[in-house]
Amino acid sequence: MTPSTTLSGDLFDRARRVIPSGVNSPVRAFGSVGGTPPFLTSAKGALLTDADGNEYVDLVGSWGPMILGHAHDGVVEAVREAAGRGLSFGAPQAGEVSLVEEVVRRIGPVQQLRLVNSGTEATMSALRVARAATSRDVVVKFAGCYHGHVDALLAEAGSGVATFAMPGSAGVTASTARDTVVLPYGDREAVTALFAERGDEIAAVITEAAPANMGVVPPREQDGTGFNRFLAETAHAAGALLISDEVLTGFRAGKEGYYGIDGDGWAPDLMTFGKVIGGGLPVGAFGGREDLMALLAPSGPVYQAGTLSGNPLATAAGLATFAGLDDAAYRVLDEASVALRGLVADALTTAGVPHVIQTAGTLFSVFFRDAPVETYEDAKAQDTEAFTRFFHAMLDGGVYLPPSAFEAWFVSTAHTPAVLDRIAEVLPVAARAAAQSAAKPAAKD
Ligand SMILES: *Cc1c(COP(=O)(O)O)cnc(C)c1O
């Protein structure tokens, strides 16, 4: 190993000796784009600072939670105040009630909710409730959707599993894999055929409300019916449940999550949340119909628990974040999202780089491909080399993008026009770098 010339490089060397691949979550390792990940020391608003003193405009936002920008004054103050009153009680406290009430107020189908510590825990627990409620084992998921690293849900998953082109995960037992059926996203015929054949074995269909872990792939309407509604109706006709995973889209795509955008005349039975709900601290949640949630211990037979679940720091951060997420905040997010999409499209078009930008509310992603992306197969057909060149040119220019072609880009309410100007300065250079990709005919200049 050649000695590194940066403090981030030194830290990465140290990290790799004692932490697998040097990271505590795979995409952070920059494995698919190459290079050394900056080790971050601080963040404020839309900006990050690394160990070498470099500053970046952040378009990751901790993968979603930092929707009000980093170290938001109100959130930091709320956490400080809570910390002074005790870090964890392992006993009921008022913040849990207020945070859950906020979610119940915003999300129609959620009558009851339980707090956990991650999105993974949320989907794992929702699945357990669904299996208990139906006394069935099989779960249906869609290729390219990511639901955390739950054994039953890793097959053909998005996010890091997509970034590293893995079919699933080693260490998942054959019997677990047998109980998971993976279908192409949006394929109604495949869903109908599966239910015709095995409907009485299926406990639940789980889907991202709008897939955003293979890039953003919004559900499509067909004959006036949205895909989520179709799934709810198909599942219900067979006595199965629909679990809508809003860990990423919840309170990010819009004020009432993606359900607020396409929830009309149908409802999922269970929903999962995370990311924004904890404002940067570890929080997830699962909830839905009261009769289903009543199955949870201690009143019901489904065991689920957590030593740190609903701890006062996490609920304080979540509540303070929600306090900032009013209609005005969503207007700011939407304006930032629209403006940034326009800047990216202009730069890539000028440089002759094939691309398509897809949205789900204020959430969006950029595919280096010239045709719309409707499935995981489509997403995988993009020019990842163009993305890698684009990514590194942006990073060199001080813009921190998700280090994967399969992730959404995240703006915050701190992404002001002045911040977007800094991105706009770098975009033409990065677009020209992307145009040099050998994976397609080079653009003429
Ligand atoms: C991030 C994510 C998860 C997993 O959440 P963690 O907190 O990382 O465990 C689950 N589902 C979706 C849709 C996600 O985006």
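Identify the single condition in (1) over 17 Å from Met214 (Cα atoms); (2) of a type in the set (Val, Ile, Thr); (3) away from the ligand (no atom under 16 Å from the Cβ); (4) in contact with a Pro (Cβ under 9 Å, 6 or more places away or on another chain) that Thr321 does not satisfy, given that it satisfies every other one. (3) is the only condition that Thr321 fails.
Show the residue pairs meeting these rules: Cβ distance below 7 Å; 6+ apart or different chains; first residue within the stretch 259-275 and over 16 Å from Arg289 (Cα atoms); second residue within 16 Å of the ligand (Cβ to nearest atom) and outside any loop (DSSP other than H, G, I, E, B). These pairs meet every condition: Asp262/Asn228; Gly274/Gly119; Gly274/Ala122; Gly274/Gly284; Lys275/Trp63; Lys275/Gly119. Among all positions in the stretch 216-228, there is at least one residue which is touching a Gly at 6+ places or on another chain (Cβ under 7 Å), surrounded by fewer than 24 Cβ atoms within 10 Å (Cβ to Cβ) and over 27 Å from Ser135 (Cα atoms).
All of Ala162, Ala157, Ala193 fail the test of being among the aliphatic types (A, V, I, L, M), within 16 Å of the ligand (Cβ to nearest atom) and part of a helix (DSSP H, G or I), apart from Ala162. Selection over the stretch 190-213 of residues that are of a type in the set (Asp, Glu) and closer than 13 Å to Leu231 by Cβ gives a count of 1. Candidates in the stretch 210-223 are the residues that are free of Cβ contacts under 8 Å to residues at least 60 places away in the same chain and assigned to a loop (DSSP other than H, G, I, E, B); of these, the one that is nearest to the chain's Cα centre (by Cα) is Pro219. Pairs are defined by a Cβ separation below 7 Å, a sequence spacing of at least 6 or placement on different chains, a first member in the stretch 153-181 that is under 21 Å from Gly199 (Cα atoms) and assigned by TED's automatic domain parsing to the domain that holds Arg128, and a second member that is of a type in the set (A, V, I, L, M, F, W, C) and surrounded by fewer than 17 Cβ atoms within 10 Å (Cβ to Cβ); the pairs so defined are Ala155/Ala177. Taking the stretch 224-325 and the helices (runs of 4 or more DSSP H) fully enclosed by it, the elements with 3 or more residues that are within 22 Å of the chain's Cα centre (by Cα) are at 227-237, 259-262, 312-324.
The values are calculated or read from the model by the stated rules, or taken from the named source; none is laboratory data. Bear in mind that the values here come from a model prediction, so they are computed numbers and not experimental data. Note: ideal-geometry Cβ built from the backbone for every residue, glycine included; neighbour counts use all protein chains shown.
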